[in-house]
1. Within the range 32-41, is even one residue modelled with pLDDT of 80 or more, under 21 Å from V149 (Cα atoms), exposed (fewer than 11 other Cβ atoms within 10 Å of the Cβ) and not basic (K, R)?
2. Which condition number does E87 fail, the rest of (1) in contact with a Ser or Thr (Cβ under 6 Å, 6 or more places away or on another chain); (2) modelled with pLDDT of 85 or more; (3) open to solvent by 60 Å² or more (accessible area, probe 1.4 Å) being met?
3. Return the residues of the range 10-46 that are closer than 30 Å to Y108 by Cα and of a type outside the set (G, A, S); say none if nothing qualifies.
4. What is the one condition in (1) surrounded by fewer than 16 Cβ atoms within 10 Å (Cβ to Cβ); (2) farther than 20 Å from S155 by Cβ; (3) at pLDDT below 85 that N96 does not satisfy?
Amino acid sequence: SKPIRNGHVIIENSRIISVRALSNRDRDAIYLKGILLPGFINAHTHIELSGLEGLVEARYHGFGDWVERFGKAHRDYLSHKHAKKIEEEVRKLKRNGVIAVGDVSNYYNMPHILRHKGIGGIVFRQYIDGLGMKKVDIEEIGNGGDIQVSLSPHSLYNCSKQLIERII
């Protein structure tokens, strides 16, 4: 819809029930300056990797070299302040108006963290051939509420037909 100048937002029980132009001033109303926007959806995130910034050298020789360096940095990162950094990144998303994500993550606790911080969406558990594909119980991972969990091949070019069939 078009922007509403001097808009009036009516809230009941913590829910917006109406947005309309203000016809007259109400003594009981709270008047604020600013812009009201719908919540943002970040459709492709890798929240679990947020703490790796600066830990993988910027210069490398080809994709294989990058994967090797990335893998080492990721293993080192997982052994330190991983959960704390993820929670910090989720708080940052929330502060910036993100209400839902499509997060590509294999961090076991991601659905719980997102749910606990009030962010909805889908967590895609991604798999690549040779990296320990296991039969996963989606209920155990944590479907429910505003968070869904889905298995996903990393990409068609690095997954075998057998792996894709197991996921689908």
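The values are calculated or read from the model by the stated rules, or taken from the named source; none is laboratory data. Predicted model, so just to flag it, every value in this text is computed and none were measured. In this analysis, Cβ positions are derived from the backbone assuming ideal geometry, glycine residues included, and neighbour counts consider all displayed protein chains. In case anyone asks, the SASA skips ligands and DNA or RNA and just uses the protein heavy atoms, side chains included. Shrake-Rupley method; radii C 1.70, N 1.55, O 1.52, S 1.80 Å.
1. No, that holds for no residue.
2. (1)
3. P38, F40, I41, N42, H44, T45, H46, listed by residue number.
4. Tallying (1) surrounded by fewer than 16 Cβ atoms within 10 Å (Cβ to Cβ); (2) farther than 20 Å from S155 by Cβ; (3) at pLDDT below 85, N96 fails exactly one: (3).
Yes/no per residue for (1) in contact with a Pro (Cβ under 7 Å, 6 or more places away or on another chain); (2) free of Cβ contacts under 8 Å to residues at least 12 places away in the same chain; (3) part of a helix (DSSP H, G or I):
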{"site": "H8", "(1), (2), (3)": "no, no, no"}
{"site": "V19", "(1), (2), (3)": "no, no, no"}
{"site": "L37", "(1), (2), (3)": "no, no, no"}
{"site": "I41", "(1), (2), (3)": "no, no, no"}
{"site": "H44", "(1), (2), (3)": "no, no, no"}
{"site": "L49", "(1), (2), (3)": "no, no, yes"}
{"site": "F63", "(1), (2), (3)": "no, yes, yes"}
{"site": "E87", "(1), (2), (3)": "no, no, yes"}
{"site": "V90", "(1), (2), (3)": "no, no, yes"}
